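Visitor: Quick one: the structure is below, questions incoming.
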Amino acid sequence: MAKPQSYENHTRLDPAFHFFVLPLLLLNILFAIYATIHAWPEFQHTHLWWIVMSVVLFVLAGMVRMYALKNQDRIIRLEEQLRLADLLPESQLGLIDALTIDQYVGLRFASDAEVSALAQRAVAEKLNRKQIKQAITHWRPDHHRI
């Protein structure tokens with residue numbers, strides 16, 4: 001049986017991205033530089049173009065990853081706004097608009113019993129996602145984020 005999720009073990013890596021795509025793109029950049037250096041002084045301008053395109057592909061992979069994570073953060077914000085709308089007393093509904101996306105991302109791990117108090121604390125103390133996660137006592141796992 002898998003160990004229950006907690007602050008210490010909640011981060012995940014995507015093996016295909018982190019251990020295949022990124023290393024190969026980095027190797028591609030290094031090989032392009034190597035080939036250009038060893039072709040000097042008879043190198044063709046295509047060698048320099050190969051370096052440029054290798055860097056472009058590496059940056060593109062990073063941007064695609066960043067866009068996906070940003071989209072996940074927006075979805076988490078929506079889910080947590082709906083959850084808080086159900087769980088918070090009417091007098092505290094103003095917290096929903098006061099929380100930042102970063103705080104919502106941290107709050108998604110808080111159990112229903114502690115999310116209200118933690119949301120109040122997050123707004124009052126301007127806690128970031130790491131501080132919120134560290135403050136959680138009853139962890140609510142999220143196995144879908146990559």
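Visitor: Calculate the dipole size of the range 1-124 relative to its Cα centre from +1 charges on Lys and Arg beta carbons and -1 charges on Asp and Glu beta carbons; express the result in debye to the nearest 20.
Guide: On the way: 9 positive and 12 negative charges, 56 e Å.
The dipole of the range 1-124 has a size of about 280 debye.
Visitor: Helix 45-87 versus the longest principal axis of the chain: what is the Cα-based angle in degrees, 0 to 90, to the nearest 10?
Guide: Helix 45-87 sits roughly 10 degrees off the main axis of the chain.
Visitor: Fewest Cβ neighbours within 10 Å first, please rank His18, His47, His144 accordingly. Working shown, then result.
Guide: On the way: His18 13, His47 17, His144 9.
The order, fewest Cβ neighbours first, is His144, His18, His47.
Visitor: Taking the Cβ of each residue in Met63, Met53 as the centre, tally the other Cβ atoms inside 10 Å and list the residues starting with the fewest. Let's see the in-between values first.
Guide: Numbers: Met63 10, Met53 14.
Ranked by crowding around the Cβ, least crowded first: Met63, Met53.
Visitor: Would you work out the relative contact order for the chain, in percent, from Cα pairs under 8 angstrom that are 6 or more residues apart? Intermediate values should be presented prior to the final figure.
Guide: Numbers: 113 pairs, mean separation 39.9, N = 146.
Taking the mean separation of contacting Cα pairs over the length of the chain, I get 27 percent.
Visitor: Translational diffusion coefficient of the chain at 25 °C, 0.890 mPa s, Stokes-Einstein with Kirkwood Rh over Cα pairs, in µm²/s as a whole number. Provide the component values of the computation, followed by the final result.
Guide: Details: Rh = 18.3 Å.
Approximately 134 µm²/s, per Stokes-Einstein.
Visitor: Sorting Leu30, Leu22 on the 10 Å Cβ count, fewest up front, what's the list?
Guide: Details: Leu30 12, Leu22 16.
Listed from fewest to most nearby Cβ atoms, that is Leu30, Leu22.
Visitor: Using helices alone, what [θ] at 222 nm do you get for the chain, with -39,500 (n - 2.57) per DSSP H run of 4 or more residues, divided over all residues and rounded to the nearest 500? Walk me through the numbers before you get to the answer.
Guide: On the way: 6 runs with 92 residues, N = 146.
Per the formula, -20500 deg cm²/dmol.
Every number in this text was worked out from the coordinates using simple rules, so none of it is lab data. All figures in this text were calculated on a predicted structure; none of them were measured in a lab. Please note: Cβ atoms are built from the backbone with ideal geometry, for glycine as well, and neighbour counts cover all protein chains shown.
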